[in-house]
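What follows is a set of notes on a single structure, which appears directly below.
The values are calculated or read from the model by the stated rules, or taken from the named source; none is laboratory data. Nothing here was measured: the structure is a model prediction, and the numbers come from that model. Neighbour counts are summed over all protein chains in view; Cβ atoms, including those assigned to glycine, are modelled from backbone coordinates with ideal geometry. For the accessible areas, the whole protein counts, side chains as well, though only heavy atoms, and no ligand, DNA or RNA atoms are used. Shrake-Rupley method; radii C 1.70, N 1.55, O 1.52, S 1.80 Å.
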Amino acid sequence: MTVSLEEYFRTTFEDKLLVKMPEREDDHLTPATRLLEKRREMAEVEQALAAQKEEFQMKMESLQQRREELERKEYQLKESLLKFDKFLKENDSKRARAVKKANDERELKKQKDKEIDRVKYETDSHQKQKDRLQKKLDKYTIFHQYMDKVLEAGEEFHEMRDIIARWDTLTSTHLDLVERESKNSDRVEKQRQDLMKYMEEKENEVLSYNNQLSGLQTRLDAAQSEAVKWESIWTHIKNTSAKKTLLLGRIKMATHNLYQLVKSHQNQMDDLEDTTEQLTQIQQFVQDLNQITMEIKRMEHTGTSIVPPSSS
């Protein structure tokens, strides 16, 4: 489209605006006829320039709107990336806390296992002591019977209560051991139940954390997929922006060529680079042509004849 615009301006100004005098000049053509022909040509040029200027203005407004839209989308994309980075940091923090809590729970379990082993060791020790005492009791029972017979048979023991006191002592010791064994068994059973309950609760917590981690992984995958999509959109936006920039450069080139044609017609040499200023001078040139046309119309309306300059 840019090439056709440039060709149009070149053709218009070379064929219509910068019209050369015909090689065949008829002496019978009056200056008024020539001015009318010039007026027709300038009207065509003015109409073409007005149409091209309006089209150029519409394209510039469209490019400005697209540029603003691209800036807005770029800002939204940056906001999304910042939110996603914050989400990843929070997720890492939660995972670190969960790992620390799991490590603490494993350490607590080890401590409980050590305490259970200690209680088992104490129970085994008490059981061994009980066995020793039981054996000693059985051994002493035999001697007690023997001592009864000795007490009945002889006078070595003056009273039986000495032997009974000894029996009471052994019985009291036995009962104390049985009670301690019962208490230890109850304590071990209670600790075993507490440990099983604790392990079950922690397994449920670990399962819950695994479910949460799975959900977070799913969200992470979705977020990564969304990021890939936005990267594709951003690449498309950059490609589109490059095309529009190229189109704008071609429009500037066409404007510069038109400006050079105008300056060539005015027999002026200028190397102005500002596109807006170039368009301003082109517009001034067209306005000057329009003013000449209006002056010709006014003179025709008042009946003033145009006398060609006499040759000396």
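Against the test of being open to solvent by less than 90 Å² (accessible area, probe 1.4 Å), at pLDDT below 85 and either touching a Gly at 6+ places or on another chain (Cβ under 8 Å) or of a type in the set (Ser, Thr, Tyr) (or both), the options THR123, THR169, THR173 yield a single qualifying residue, THR169. Contact map, region 182-205: residues that are within 27 Å of SER125 (Cα to Cα) paired with residues that are basic (Lys, Arg) and in a helix (DSSP H, G or I), Cβ distance under 9 Å, separation 6+ or inter-chain. Pairs shown: VAL188/LYS120; GLN191/LYS112; ASP194/LYS112; LEU195/LYS109; LEU195/LYS112. Quick check on GLN212: is it in a helix (DSSP H, G or I), of a type outside the set (Val, Ile, Thr) and within 13 Å of the chain's Cα centre (by Cα)? Here the answer is no, as GLN212 does not meet what is asked.
For region 220-236, the criterion of a residue being modelled with pLDDT under 80 and small (Gly, Ala, Ser) is satisfied by no position.
Checking each residue in region 179-232 for being within 28 Å of ARG97 (Cα to Cα), hydrophobic (A, V, I, L, M, F, W, C) and open to solvent by less than 70 Å² (accessible area, probe 1.4 Å) picks out LEU195, MET199, VAL206, LEU216, LEU220, ALA222, ALA223, ALA227. Here MET253 passes the criteria (1) within 30 Å of LYS59 (Cβ to Cβ); (2) open to solvent by 90 Å² or more (accessible area, probe 1.4 Å); (3) free of Cβ contacts under 8 Å to residues at least 60 places away in the same chain except the one numbered (3).
Do we find a residue being aromatic (Phe, Trp, Tyr) and open to solvent by less than 100 Å² (accessible area, probe 1.4 Å) anywhere in region 86-96? Taking every residue of region 86-96 in turn, at least one turns out to be aromatic (Phe, Trp, Tyr) and open to solvent by less than 100 Å² (accessible area, probe 1.4 Å). Looking at region 34-45, is at least one residue open to solvent by 100 Å² or more (accessible area, probe 1.4 Å) and either within 30 Å of LYS197 (Cα to Cα) or at pLDDT 85 or above (or both)? No; the residues of region 34-45 include none that is open to solvent by 100 Å² or more (accessible area, probe 1.4 Å) and either within 30 Å of LYS197 (Cα to Cα) or at pLDDT 85 or above (or both). Say whether the condition of being closer than 20 Å to LEU63 by Cα and outside any helix (DSSP H, G or I) is met by at least one residue in region 264-276. Yes - at least one qualifying residue is present in region 264-276.
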